[in-house]
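Only one structure is covered here, and it is reproduced in the block below.
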Amino acid sequence: MMTLLETTAGSNVKVTNLDSVHALVRRRLGDLGVMVGSVISLRKTMPFGGPCTIEIKGQWIAIRRKDAGSILVEGV
Amino acid sequence: MIKLALTGNPNTGKTSLFNMLTDSYEYVGNWAGVTIEKKVGMLNNKRGQLIDLPGIYSLSPLSRDEGVTTLYLLDETPSMLLNVVDASQLERNLHLTIQLLEYGRPVVLALNMIDVAKKRGLNIDVEQLAKQIGIPIVPVIARTGYGCDALLETSIQSSGDSGIAASPRRFDYGPVLEGAISRLEAMLPKELTSARWLALQLLEGNIPVLQKLRQYVDPVQLQACYVETEKLVQETGGIRLADYIRDRRAAIIQGWLQQSVRETKEQHTTLSERIDAIVMNKFLGIPVFLAFMYLTFKLTFDWFGTPLSDALDSLLNGFVRDNVSSFLDSAGAAAFIKAVLLDGVISGVGGVLVFVPQIFMLFLIISFIEDSGYMARIATVMDKLLEGVGLNGKAFIPMIIGFGCNVPGIMAARTIEQPKERLLTILLTPLMSCSARLSVYSLFVGTFFEKNQALIVLSLYVLGVVVALALAKLFSFTLAKEEESMFIVEMPPYRIPQWRTLSRSTWEKGKGFVRKAGTFIFGGSVVIWMLGYSGFSGWNVPMNESFLQTIGSVISPIMQPLGFGNWQAGAALITGFLAKEVVVSTMGIIYAAPTDAGLEGAITQFFTPLQAYSFMVFILLYVPCLATVGVIRSETKSAKWTWFSVIYALIVAYIIAFIIYRAGLLLGFH
Ligand SMILES: Nc1nc2c(ncn2[C@@H]2O[C@H](COP(=O)(O)OP(=O)(O)OP(=O)(O)O)[C@@H](O)[C@H]2O)c(=O)[nH]1
Ligand SMILES: [Mg+2]
């Protein structure tokens, strides 16, 4: 069990838990197709603790690092 | 009258389609949340109305703009729904389609962006998909107009259909939910047509639906039903109610797509990724943005705008003025009429019109940022900085739009989810230097800072942003601070803006400026000229004894410490509240009267370079213009915040102009 932030950029992982993500962010992530079981990957991280981008099925999303750090994932 | 409503996820091309089908021009841009209010247009074939709505992911709104769409569906009954989906992101788009099918009006699917899908290697069997979902699907490319005629035809046909298509679709949500839905349905009065849809939306946590149902049913009962269902779902499935509903829908969509969509290409690095490697680079992100801004002003001033604007100036003040003058002479016009036209209208309106080239150039660049896909990237690059002052990266989007004009900028703040962050953004967007202020800068930098025009103007834009950030920090301490900040944006692929879109969008923005010059500023110039022509001793007094001088003198002593204590500056500032360009008209009228040396020559007698800079800083910050104050009022719905926005700006402008002027003097500038 690891968080999305601990994965190597560009590698596909499967979401296992989103419970500790900010509630509204979790809703939006769901709207964009990021749910438990989705396959996503971490792409870029901005400097100075800024946001990071994730990719799901060709769609790119930027979220804060804190939220990315609360997405639990496992390797696929 | 047939009413077709455009619904779909954000940034799927609804407005592009609207423009094609109604032959109009509404605001298009490549990021999520461009359209923020309802727009109605007449279909090309005059058979009915088309309604463009803000994009939504689901019918439960998170932000203001999304609420507009939900309320539209709750309060009105469109003849049919035209569901625009992005073919390259079918799966997530279809979640909304299911909710629309449940709503109970005929739905036609516009499968947009098939060009993008094809490039991605997605092979969509349209016929098969239409059979699966059970509604007509028309592939289109809203950008080029491909398929639009067929879409219109199909839509009109199905809007006349009152049979099966017009009744709500039922999808099975499993025993627990079905039980809750029937209980809720039983509570609702018979006259509500789409009871099942309302019940489901309520269970999804849709706030506007809850508010509507409260009118009919005891809120306590509704609440009890929701809580009970939530608990049951949690117990049986170990998952949240909203997630459960989403999962059920995902399963239905999987079923549809399995048989109709095939991926034929391996994913590889896209062009968007390569561009992002530069513009969102760890170290280059913010520098690239600043360089882009600098380039903007270089283009606007040095390379393109100013030369054209000079040519326009000599045309207006030479050819046009001479001809009008000789025409009036030959027509035997009274001296009074001649003075109104030459010294009032041509000096006032002409003074503003000469800056049209600069302003169009700026609008062209803003349109480019909007339509390329860079907007969401800037928001991301800026997020950390903005988080530090109590905002989020999305607040930068209204601010960039505000560089063109503050009014649409403030309205764009509707897409910000958290109320406090939205309020802060509304209050601070007026500090973004808009195109009207650009005309004031153009006048002054052209006169005093000929060598460094772009740099001086860039410094003012940056100053506006820095002051906004500092104030955000200050205000977020004092305003409600319990709310937790959030940030999430969808990053669309880059698209090369079409020349047609760019030119239309530049013209739509610039048109307002020209129109304002022809109406508001025209009228204002006549009034200002009259004030300068009359005084306590009667008509045709010297400018120095006019009412204008009296008015300007009231505030000039207050402005003395800032370096521009002359009555002319005072008069320009007061009239500038109407619209910031009026500052230029007023100066044109005041200074044109006594000398023939031209406006630029005249102002050098009244300002030193440092005083001019201090004056520009004051103009940048001092009060939002009348139109902006109006939109602050309507967006905040609060007189208190409206007053606040005017008063804080005055105070801040005074303090900062004071510091800059005094520091400049100490450093030996003059
Ligand atoms: N390649 C391609 N681009 C398209 C197509 N349709 C629209 N676009 C582009 O997609 C972007 C979004 O278009 P809009 O019409 O503003 O989208 P919208 O759905 O109204 O967006 P919101 O108002 O934010 O919900 C623009 O940059 C369009 O040029 C299409 O069929 N193909
Ligand atoms: Mg739109």
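R0 = 25 Å: FRET efficiency of B:Leu290 with B:Ser503, Cβ-based, nearest 0.05? Let's see the in-between values first.
Values: r = 27 Å, r/R0 = 1.08.
It comes out at approximately 0.40.
Multiplying each eigenvalue of the alpha-carbon gyration tensor of chain B by 5 and taking the square root yields semi-axes of 53, 27, 25 Å, largest first, rounded to whole angstroms.
Would you work out the charge dipole size for chain A about its Cα centre, treating the Cβ of every Lys and Arg as +1 and the Cβ of every Asp and Glu as -1, and quote it to the nearest 20 debye? Don't skip to the end; give the middle numbers.
Values: 10 positive and 6 negative charges, 46 e Å.
The calculated dipole for chain A is roughly 220 debye.
Expressed as a whole number of Å, what is the distance separating the alpha-carbon centroids of the range A:1-25 and the range B:630-651? Their Cα centres are 41 Å away from one another. From the alpha carbon centroid of the range B:412-471 to that of the range B:296-312 is 20 Å. Scalar couplings 3J(HN,Hα) for the range B:430-444, obtained by applying the Karplus form with A = 6.51, B = -1.76, C = 1.60 to θ = phi - 60°, are x, 7, 6, 6, 8, 5, 5, 5, 4, 5, 5, 4, 4, 4, 6 Hz; x denotes Gly and Pro. Placing +1 on each Lys and Arg Cβ and -1 on each Asp and Glu Cβ, with no other charges, gives chain B a dipole about its Cα centre of roughly 160 debye. Separation of the alpha carbons by more than 21 angstrom is noted, of B:Lys14/B:Lys511; A:Lys66/B:Lys394; B:Lys451/B:Lys509; B:Lys511/B:Lys580; B:Lys384/B:Lys640; B:Lys39/B:Lys131, for B:Lys14/B:Lys511; B:Lys451/B:Lys509; B:Lys384/B:Lys640; B:Lys39/B:Lys131. Size of the protein assembly as shown: Rg and Dmax of its alpha carbons, in Å, are 29.0, 94. About its Cα centre, the dipole of the protein assembly as shown is roughly 400 debye, where the only charges are +1 on Lys and Arg Cβ and -1 on Asp and Glu Cβ.
Cβ neighbours within 10 Å, averaged per peptide: list B:657-665, B:274-282, B:612-620 in order, most packed at the top. The partial results should precede the final answer.
Values: B:657-665: 17.1, B:274-282: 15.2, B:612-620: 24.4.
Highest to lowest by the protection proxy: B:612-620, B:657-665, B:274-282.
In straight-distance terms, cross-link reach from B:Lys265 covers every one of the lysines whose alpha-carbon lies under 19 Å from its own, apart from those fewer than eight places away in the same chain; here that gives A:Lys57, B:Lys118, B:Lys119.
Taking 0.36 nm per residue of sequence separation and removing the Cα-Cα distance, the B:Phe536/B:Ile275 pair yields an extension gain of 87.4 nm. Per the Kirkwood formula applied to alpha carbons, the range A:2-75 shows a radius of gyration over Rh ratio, Rg over Rh, of 0.90.
In chain B, a dipole from Cβ-located charges (positive for Lys and Arg, negative for Asp and Glu) runs towards its positive end, and of B:Met113, B:Met399, B:Ser476 it is B:Ser476 whose Cα lies farthest in that direction. Rounded to the nearest 10 degrees, the angle from helix B:581-592 to the longest Cα principal axis of chain B is 10 degrees.
Other chains' Cβ within 10 Å of B:273-280 residues: what's the mean?
Details: counts 5, 0, 0, 4, 1, 0, 0, 8.
Across B:273-280, the average partner-chain Cβ count within 10 Å equals 2.
Would you work out what percent of the accessible area of the protein assembly as shown, with all protein chains in place, is carbon or sulfur (probe 1.4 Å)?
Details: 18590 of 30060 Å².
Using a 1.4 Å probe with all protein chains present, the protein assembly as shown comes out at 62 percent carbon and sulfur.
How about the range B:438-541: which trypsin sites (Lys or Arg not before Pro) there are in a DSSP loop, with at most 14 other Cβ atoms within 10 Å of their Cβ?
On the way: sites: B:Lys451, B:Lys473, B:Lys481, B:Arg495, B:Arg500, B:Arg504, B:Lys509, B:Lys511, B:Arg515, B:Lys516; in loops: B:Lys451, B:Lys481, B:Arg495.
Passing both the DSSP loop test and the Cβ count: B:Lys451, B:Lys481.
In the range B:336-449, a dipole from Cβ-located charges (positive for Lys and Arg, negative for Asp and Glu) runs towards its positive end, and of B:Ser367, B:Ala436, B:Met382 it is B:Ala436 whose Cα lies farthest in that direction.
Restricting attention to the range B:491-577, which chymotrypsin sites (Phe, Trp or Tyr not before Pro) occupy a DSSP loop and are surrounded by at most 14 other Cβ atoms within 10 Å? Kindly include the intermediate steps, with their values, before the conclusion.
On the way: sites: B:Tyr494, B:Trp499, B:Trp507, B:Phe513, B:Phe520, B:Phe522, B:Trp529, B:Tyr533, B:Phe536, B:Trp539, B:Phe547, B:Phe564, B:Trp567, B:Phe577; in loops: B:Tyr494, B:Phe536, B:Trp539, B:Phe564, B:Phe577.
Here the sparse-neighbourhood loop sites are B:Phe536, B:Trp539.
Placing unit charges on each Cβ (+1 for Lys and Arg, -1 for Asp and Glu) gives the range A:2-75 a dipole about its Cα centre, and among A:Ile63, A:Asn17, A:Gly37 the Cα reaching farthest toward its positive end belongs to A:Ile63. Distance between the C-alpha centres of the range B:193-232 and the range B:336-358: 62 Å, rounded to the whole angstrom. Note on A:18-28: average number of Cβ atoms from other chains within 10 Å of each residue's Cβ is 4. Remark: spin-label model distance B:Gln49-B:Ser330 equals 5.2 nm, labels positioned 7 Å along the Cα→Cβ axis.
Pairwise Cα distances in the range B:175-263 exceed 18 Å for 47 percent of all pairs. Amide H contacts under 5 Å for B:Tyr146: B:Ile141, restricted to partners 5 or more places along the chain or on a different chain, H placed in the peptide plane at 1.01 Å from N.
Protection proxy ranking for B:297-310, B:97-110, using the average of other Cβ atoms within 10 Å per residue and placing the highest first: B:97-110, B:297-310.
For the range B:155-293, what is the accessible area per residue in Å², given a 1.4 Å probe and the full set of protein chains? Please list the in-between numbers first.
Details: 7760 Å² over 139 residues.
Value returned for the range B:155-293: 56 Å² of accessible area per residue.
The mean accessible area for residues of the range B:464-620, using a 1.4 Å probe and ignoring ligands and nucleic acids, is 42 Å² per residue. Summed over both chains, the contact between B and A buries some 3300 Å² of accessible surface at a probe radius of 1.4 Å. In whole angstrom, the range B:2-162 maps to an equivalent ellipsoid with semi-axes of 20, 18, 17, each derived as √(5λ) from the alpha carbon gyration tensor and ordered largest first.
Spin-label model, A:Lys14/B:Lys118: points 7 Å from Cα along the beta carbon direction are separated by 3.6 nm.
Across peptide A:48-57, the mean count of Cβ atoms from other chains lying within 10 Å of each residue's own Cβ comes to 5.
Suppose only helical runs count, i.e. DSSP H with n ≥ 4. What mean residue ellipticity at 222 nm does that imply for the protein assembly as shown under -39500 (n - 2.57) per run, divided by all residues and rounded to the nearest 500 deg cm²/dmol? Mind dumping the intermediate values first?
Details: 35 runs with 420 residues, N = 746.
Value at 222 nm, helices only, nearest 500: -17500 deg cm²/dmol.
The values are calculated or read from the model by the stated rules, or taken from the named source; none is laboratory data. Because the structure is predicted, anything quoted here is derived from the model rather than measured. Because the Cβ atoms are built from the backbone with ideal geometry, glycine has one as well, and the counts that use them run over all protein chains shown. Surface accessibility is based on the protein's heavy atoms, side chains included, excluding ligands, DNA and RNA. Shrake-Rupley method; radii C 1.70, N 1.55, O 1.52, S 1.80 Å.
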